[in-house]
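So the structure is just underneath, and the comments pick up after that.
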Amino acid sequence: MKLLSTRNGARRVEASAATLEGISPEGGLYVPERFADLGPLRDYAVMDYPALCAKVLGFYYDDIKDLKAITKAAYAGFDDAKVAPVKKTAQNEYVLELWHGPTLAFKDMALSVLPRLMTAAMGGGPDVLILVATSGDTGKAALEGFCDVPHTKIVVFYPDEGVSDMQRLQMVTQEGANTHVVAVRGNFDDAQNAVKAMFTDPQFAAAVREKGYSLSSANSINFGRLAPQIAYYVGAYAQLLADGEIEDGEPINFAVPTGNFGNILAAYYAKRMGLPIKRLICASNKNNVLTDFFRRGAYTLDRPFYKTMSPSMDILISSNLERLLFELTGRDESAVKEMMGGLKTHGRYSIAGAAKEKLEADFYADWCDEDETMACIKRTYDDKEYLLDTHTAVAMGVYEKYKALGDGTKTVVVSTASPYKFPADVLSSLGESTRGMNSFDMARRLSSLTGTALPRQISALETKTVRHTTVSDKDALPSRVMEVL
Ligand SMILES: *Cc1c(COP(=O)(O)O)cnc(C)c1O
């Protein structure tokens, strides 16, 4: 299917080409020219996850042939046979676990598929060079996704003073002949700005092309990350149907811990494709710019930035919201351009009238502070014997607030990370001391305390050898990339 840009409807490219390109040249995001129809939902209830995902991808990537082989390979290493299992936690309440991949977080669901979509899209063209600036989680998930994928190379840049010990270890021990990791002296903004500069430098692009590569990006505005995320919403519905928890066609809610708005946007796309969703519950932490937007219709950047215990949701600009604005305005590219311009020059934009009404019909938004998040982890463990990570706890806490308003509809809380990824905050929430422990001690303590298994992804890390030791000044990143090529 053709995709078009949110800022230029005349620009229409095949989904596969858009995936290689990442972002449209004038800065817009690629969206499908129309939403495909999922068809009978019962059909999905008898498929295994790779087959289900291939079917969903096939609506958009109709020019890629072996989608089934792609999704089978992508999810082969996941540690749960269902890939994204749904667990019942209480009456009318379920958790969708999206963290059974190599990095124990939901980014794996899409980043294990994206590299394979890219190589399928390449045809006979040049090899792909992926550059990623990371504040921690995306870098590792991208390294795992691209590891030893033919005709690709990936270089990940992380700030040497900006990632946790566990995140750094995960990256510097990365295996694969085509993976490269560089520590950048400075903070995340330094790393990100230096990478952005490479993407917009025509001389650098020419030098890369001379080596037989074309530049591409793996960040969450790539349609190739969005499309695989639609599949697990369909998969969750299909599992509930197969388990006899819901009737065919019964509307359900999803509660999603939100940062860049990619995950919840995929749920909205699933709804537009015919999945019976009543409400999408958009959950934020103390960085609650989205709650304000959904309630007042005004998006404002003039606010403090907080570091929280759910770092992957610490964000002020939710890039994927642009795709929702495109739909809310009836696909009005000039309205989108005006809003995005307003954000850039005045740090704000607003919506009103019909667009705001549409927003309220589909979404509910709220947030949890740090104390509420910790209390939710404790309460959920004590009352339901289910261990939440800090991000999922935000979603569970917001869902509880929403339910108290009177909607008893069956709800799936989307779980984006394993509690073992954030052992310090999870242990503290449970009232345990972590004094004198390193991250591995804490993970082991969490396991003995709760009787849940220590994931092998963590235990293996402790004894892995460090393979990547390059440290670079931010001005020297282009030379580092040329060395790699
Ligand atoms: C990335 C991430 C999120 C936020 O997802 P978005 O698609 O950016 O909204 C939430 N939780 C975890 C653990 C993440 O890694």
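The values are calculated or read from the model by the stated rules, or taken from the named source; none is laboratory data. Since the model is a prediction, treat every value here as computed from it, not as a measurement. When we count neighbours, we look across all protein chains shown, and the Cβ atoms used for this are built from the backbone with ideal geometry, even at glycine. Heads up: the accessible areas ignore ligands, DNA and RNA and are worked out on the full protein's heavy atoms, side chains in. Shrake-Rupley method; radii C 1.70, N 1.55, O 1.52, S 1.80 Å.
Got a sec? Which of L388, L427 is aliphatic (A, V, I, L, M) and in contact (Cβ under 8 Å) with a residue 24 or more places away in the chain? Walk me through how you get there before you give the answer.
Numbers: L427 fails: in contact (Cβ under 8 Å) with a residue 24 or more places away in the chain.
Unique residue meeting the criteria: L388.
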key: Counted residues, region 426-451 - those being closer than 24 Å to D80 by Cβ and open to solvent by 50 Å² or more (accessible area, probe 1.4 Å)   = 5
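When you scan region 8-19, do you find a residue that is touching a residue at least 40 places away in the same chain (Cβ under 8 Å), in contact with a Ser or Thr (Cβ under 6 Å, 6 or more places away or on another chain) and over 25 Å from A238 (Cβ atoms), even just one?
Looking only at region 8-19, we keep the residues that are touching a residue at least 40 places away in the same chain (Cβ under 8 Å), and these are 8-9, 14-19.
Checking which are in contact with a Ser or Thr (Cβ under 6 Å, 6 or more places away or on another chain) leaves us with none.
No - not one qualifying residue is present in region 8-19.
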Scan of region 239-279 for residues that are farther than 17 Å from K107 by Cα and part of a helix (DSSP H, G or I), ordered by number = Q239, L240, L241, A242, Y268, Y269, A270, K271, R272
inquiry  = Out of the residues in region 335-374 meeting the condition of being over 25 Å from K278 (Cβ atoms) and among the hydrophobic types (A, V, I, L, M, F, W, C), tell me which one is least open to solvent (accessible area, probe 1.4 Å).
reply    = V336
inquiry  = Restricting to region 71-94, name every residue that is hydrophobic (A, V, I, L, M, F, W, C), outside any loop (DSSP other than H, G, I, E, B) and within 19 Å of the chain's Cα centre (by Cα).
reply    = A74, V86
ask   = Which one of the conditions (1) crowded, with 19+ Cβ neighbours inside 10 Å; (2) touching a Leu at 6+ places or on another chain (Cβ under 9 Å); (3) not in a strand (DSSP E or B) does Y299 fail to meet, given that it meets all the rest?
value = (3)
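Quick check, is F294 within 16 Å of the ligand (Cβ to nearest atom), within 22 Å of H391 (Cβ to Cβ) and in a helix (DSSP H, G or I)? Talk me through it step by step, then tell me what you get.
Numbers: within 16 Å of the ligand (Cβ to nearest atom): yes; within 22 Å of H391 (Cβ to Cβ): yes; in a helix (DSSP H, G or I): yes.
Spelling it out, F294 is indeed within 16 Å of the ligand (Cβ to nearest atom), within 22 Å of H391 (Cβ to Cβ) and in a helix (DSSP H, G or I).
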query = Got a number for residues in region 315-329 being more than 14 Å from D292 (Cβ to Cβ) and within 10 Å of the ligand (Cβ to nearest atom)?
reply = 2
ask   = Is there any pair linking a residue in region 397-420 that is in contact (Cβ under 8 Å) with a residue 12 or more places away in the chain and farther than 21 Å from A84 by Cβ to one that is part of a helix (DSSP H, G or I) and within 16 Å of the ligand (Cβ to nearest atom), with Cβ under 7 Å and at least six apart or on different chains, and which?
value = G397/T373; G397/C376
note = Among L143, L131, the single one that is of a type in the set (A, V, I, L, M, F, W, C), under 28 Å from M313 (Cβ atoms) and away from the ligand (no atom under 16 Å from the Cβ) is L131
remark   = Heads up, the strands (runs of 3 or more DSSP E) in region 1-55 (entirely inside) with at least 1 residues that are surrounded by fewer than 19 Cβ atoms within 10 Å (Cβ to Cβ) are 2-5, 8-14
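Which of the residues that make up region 100-135 are assigned to a helix (DSSP H, G or I) and open to solvent by less than 30 Å² (accessible area, probe 1.4 Å)? Break it down into steps so the answer makes sense when it comes.
Within region 100-135, the subset assigned to a helix (DSSP H, G or I) is 107-111, 114-122.
Answer for region 100-135, where residues must be assigned to a helix (DSSP H, G or I) and open to solvent by less than 30 Å² (accessible area, probe 1.4 Å): D108, M109, A110, L111, L114, P115, L117, M118, A121, M122.
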task = Residues that are out of contact with any Leu (no Cβ under 8 Å at 6 or more places or on another chain) and either among the aliphatic types (A, V, I, L, M) or within 16 Å of the ligand (Cβ to nearest atom) (or both): find the strands (runs of 3 or more DSSP E) completely inside region 346-448 holding 1 or more of those.
result = 363-367
request  = Would you check if there is a residue in region 321-334 being open to solvent by 20 Å² or more (accessible area, probe 1.4 Å) and more than 30 Å from G28 (Cα to Cα)?
outcome  = no
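Restricting to region 79-99, name every residue that is within 16 Å of the ligand (Cβ to nearest atom) and open to solvent by less than 20 Å² (accessible area, probe 1.4 Å).
So in region 79-99, the residues within 16 Å of the ligand (Cβ to nearest atom) come out as 84, 95-99.
Result: A84, V95, L96, E97, L98.
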ask   = Residues of region 320-339 being within 16 Å of A283 (Cα to Cα) and either free of Cβ contacts under 8 Å to residues at least 24 places away in the same chain or part of a loop (DSSP other than H, G, I, E, B) (or both), which ones?
value = N320
key: Matching residues in region 247-276 - criterion: being more than 14 Å from the ligand (Cβ to nearest atom) and open to solvent by 10 Å² or more (accessible area, probe 1.4 Å)   = E247, D248, G249, E250, P251, K271, R272, G274, P276
